[in-house]
Amino acid sequence: MVNVNTVYQTVLQILNKEQRGYITPAEFNNLAQQVQLEIFESYFPDGNQLNRQNQNNTQNDTQYFNIFKNQEEKITPFVKDLPLTYNTNQLGWSYDPPLNNNTGQAEFEIYWTGEILSSYTLSNSPSSSYGASASTSGGSYITQLVSKSEYNKITRSKLTKPTEKYPLAYTDSGTLQPGYNPYFKISPLPNNVEINCIVRPLTPRWSFRPGQQGQYIFSPGSSSNFTLHISEQTNIIIRVLKYAGVIINDPTIIDVAAQEVAQVEANEKS
């Protein structure tokens, strides 16, 4: 993780070095959230590009200089296996994230879904209005995720109707959006469901308490660090400075920071 106080103090020092301006904690928190999401979302198109290079053997395979493995390492903390809960009102499975006691944020929010694992017991499964059938053999099986129209066609046919060993699912959202935890309809209706997915990073937050002179004093207990890899610290600072230049209306900071961001991205992809 990247320490949120380190980033904020570094940004302030750079801005104040030549009396260029100041950004408040509220402004910083907004910029920090935007920057973290930008970096996080860049991992996926960059990862696809690096994977193609890796498959074509155009990358080195040294221990610490394989950029595909380095990129994969940055994603690993966001890969989770999460249990889903059956909602009798929606007749579907969803993830109900617990809240962080300090910040009130949801601990995990599904960003992209991977494999869905449906489990059945030897006893009969609950009945369902969307095509569930009785459980007879038990076991856990990977569930195929299809569109709603495909799901309707397959479940209506006697020849292709899903079974416990070949369960079928669809989600009420065609594309999973950040911060949105979808419902999964699964047939036959399982007893338990677990989803392998990528979760979005927690929102960074620099909290404070007022000092005797009205100054901002960092409050670590109610703050949240960036959940990106520690190697992203410089990248985060540069990108926050780029947006800070917009806030304080300083084109010099914007230009310099933008050039640094472009250079960092070029170095990572080269």
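The values are calculated or read from the model by the stated rules, or taken from the named source; none is laboratory data. As the structure is a prediction and not an experimental result, all values here were calculated from the model. A quick note on method: Cβ atoms are made from the backbone with ideal geometry, for glycine too, and the neighbour counts reach across all protein chains shown. Ligands, DNA and RNA are excluded from the accessible area calculation, which covers all protein heavy atoms including side chains. Shrake-Rupley method; radii C 1.70, N 1.55, O 1.52, S 1.80 Å.
Worth a mention:
- Residue check for Ile67: under 20 Å from Leu228 (Cβ atoms), modelled with pLDDT under 80 and touching a Leu at 6+ places or on another chain (Cβ under 8 Å): yes
- Members of segment 70-85 that are assigned to a strand (DSSP E or B) and touching a residue at least 24 places away in the same chain (Cβ under 8 Å): Val79, Lys80, Asp81, Leu82, Pro83, Leu84
- Search result, residues across segment 141-180 that are at pLDDT 90 or above and under 26 Å from the mean Cα position of the chain (by Cα): Tyr141, Ile142, Thr143, Gln144, Leu145, Val146, Ser147, Lys148, Leu168, Ala169, Tyr170
- Residue in segment 215-250 that is most open to solvent (accessible area, probe 1.4 Å), counting only those that are charged (D, E, K, R) and under 25 Å from the mean Cα position of the chain (by Cα): Lys242
- Contact annotation: residue pairs with Cβ atoms under 9 Å, 6 or more positions apart or on different chains, pairing a residue in segment 172-192 that is hydroxyl-bearing (Ser, Thr, Tyr) with a partner that is open to solvent by 40 Å² or more (accessible area, probe 1.4 Å) and modelled with pLDDT under 55, are Ser187/Ser133.
- Out of Ser133, Ser119, Ser129, one residue alone is at pLDDT below 70 and open to solvent by less than 70 Å² (accessible area, probe 1.4 Å). It is Ser133.
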